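Everything below concerns the one structure shown next.
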Amino acid sequence: MINRTLFENTETAFRLKSDSELERAYFLFKMISSQPLVRIGTAATNFALKANLPVEGLIRSTVFDHFCGGVNEDDCLSVIDDLYTQGVCSVLDYSVEGKAIENQFDNALEKILKIINFCDEKEAMPIVVFKPSGFGRFYLFQKKSEGKIFTEDEQAEWDRIVNRFDKVCKLAQEKDVEVLIDGEESWMQDAADDLVEEMMFRYNKKVPVVYNTLQLYRWDRLDYLKALHKRAIANGFKIGMKIVRGAYMEKERERALEKGYASPICKSKKETDDNFNNALNYIIQNLNDISVFIGTHNELSCYLAMELMETHQISKKDNNVWFGQLYGMSDHISFNLAAEGYNVAKYMPFGPVKDVMPYLIRRAEENTSVAGQTSRELSLLKSEKKRRNL
Ligand SMILES: Cc1cc2nc3c(=O)[nH]c(=O)nc-3n(C[C@H](O)[C@H](O)[C@H](O)COP(=O)(O)OP(=O)(O)OC[C@H]3O[C@@H](n4cnc5c(N)ncnc54)[C@H](O)[C@@H]3O)c2cc1C
């Protein structure tokens, strides 16, 4: 029997937080639970950064330090070591966004190759991550997904993208590191899926090195997984799959409405939840062929995964099942799962303060819109404050 009150344990959840860090986290979630404050804060911060006002220090000591590991890899080291004392691994996530030019794609490539070499020496870092649009223009992924023909220059540019993917996956295989490839908007995802499948074919022959992402707010994804499963068996490769619900729901729905096609998103939260849980079930039953990284802050999905693992007699430390949460969120899930002996990793964003702002703003907005999540964080922090008599 699994322990269904596991995530209530705030002592384990916040063991690494000093009293003042706990107070800061409480203050922060309290602030971002207010929609007007987030709006004003976002606008003021953007303005201040553009105007070169000296606000970096303030951002660093508040949102940045809560949601990011540091400004560079070395900066993150002490945080990575701290998490690992509690059995939680880290996935360094170079979160610089929105710079769609060739030398930035090469920079991102160099960064991730460096991280893989870094991982080679550190047990606390068995996994790396990148975004397809971090390695090439979104436009090209979209054009390819739409089945349009590239110009000669575009083809050359696409070949460079393929090459970047290949370099990362090849080095990861050599260094025994797993690579998660993030899922993005549905209108570019077909091209990314095909490319990731090609990488799985090349590098997942014996064990899964390359992981794609299945966004289960899309109603077509379970069928996609089943079809991929057939191809994997026929062509002799293992599937690595990160499963998530999906981060671009509003954007997806708006575009579908605007362009007049059927929305790719499930009709309700319940449908998404069912879809997610069905995919989890399918994967756990086919763990010989499919390995999974469960990227979620949903407690029920985590309990379900634990239950399924127990039913199918899968060891908690089986390398084919990992749980993942974002750094700065849902510590009650991560640290309690790790204390129980499960494989857990936190996505740890890093980068210069200015460049990770879009990431931080999304976290703030997400925590504002997903009201349940913030109030859950707040109530857990409150319990822990009470437990410590703060
Ligand atoms: C480690 C990690 C990695 C991630 N990587 C990616 C990634 O590569 N790509 C990506 O897109 N996202 C990614 N995410 C974000 C993820 O997709 C979710 O947006 C986020 O985790 C919230 O979902 P949940 O399962 O944690 O929790 P929940 O709070 O239970 O679910 C919220 C999610 O449910 C869905 N939803 C909410 N309302 C409705 C509705 N009315 N109808 C239909 N569906 C609804 C949405 O997807 C929403 O984000 C990642 C998350 C984590 C923790």
(message) Condition check: closer than 24 Å to VAL321 by Cα and hydroxyl-bearing (Ser, Thr, Tyr). Does TYR94 satisfy that?
(response) yes
(message) Report every pair of residues separated by at least 6 positions or lying on different chains whose Cβ atoms are under 8 Å apart, first residue within region 226-250 and hydrophobic (A, V, I, L, M, F, W, C), second open to solvent by 70 Å² or more (accessible area, probe 1.4 Å) and away from the ligand (no atom under 16 Å from the Cβ).
(response) PHE237/PHE201; PHE237/LYS205
(request) Mind telling me which of the residues LYS259, LYS230, LYS242, LYS269 ends up being under 30 Å from LEU171 (Cα atoms) and surrounded by fewer than 22 Cβ atoms within 10 Å (Cβ to Cβ)? (result) LYS230
(message) If I ask for residues that are within 14 Å of the ligand (Cβ to nearest atom), open to solvent by less than 40 Å² (accessible area, probe 1.4 Å) and either of a type in the set (Asp, Glu) or touching a residue at least 40 places away in the same chain (Cβ under 8 Å) (or both), which ones from region 272-289 would you list?
(response) THR272, ASP273, ASN275, PHE276, ALA279
(message) Among the numbered criteria (1) buried (at least 17 other Cβ atoms within 10 Å of the Cβ); (2) polar (S, T, N, Q); (3) closer than 26 Å to ASN336 by Cβ; (4) assigned by TED's automatic domain parsing to the domain that holds GLU340, which one does GLN142 miss?
(response) (3)
(request) Considering each residue of region 107-139, count those that are part of a helix (DSSP H, G or I), open to solvent by 70 Å² or more (accessible area, probe 1.4 Å) and farther than 18 Å from ASP194 by Cα, and give that number. (result) 4
(message) Take LYS148 and tell me if it is more than 16 Å from the ligand (Cβ to nearest atom) and assigned to a loop (DSSP other than H, G, I, E, B).
(response) yes
(request) Collect the residues in region 300-347 that are touching a Phe, Trp or Tyr at 6+ places or on another chain (Cβ under 8 Å), open to solvent by 10 Å² or more (accessible area, probe 1.4 Å) and away from the ligand (no atom under 15 Å from the Cβ), keeping them in residue-number order. (result) LYS316, LYS317
(request) Return yes when ASN3 is among the polar types (S, T, N, Q) and not in a helix (DSSP H, G or I) and no when it is not. (result) yes
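The values are calculated or read from the model by the stated rules, or taken from the named source; none is laboratory data. Owing to the predicted nature of the structure, the values given are computational and were not obtained by experimental measurement. Positions of Cβ are generated from backbone atoms using ideal geometry, with glycine treated the same way; all protein chains shown enter the neighbour counts. For the accessible areas, the whole protein counts, side chains as well, though only heavy atoms, and no ligand, DNA or RNA atoms are used. Shrake-Rupley method; radii C 1.70, N 1.55, O 1.52, S 1.80 Å.
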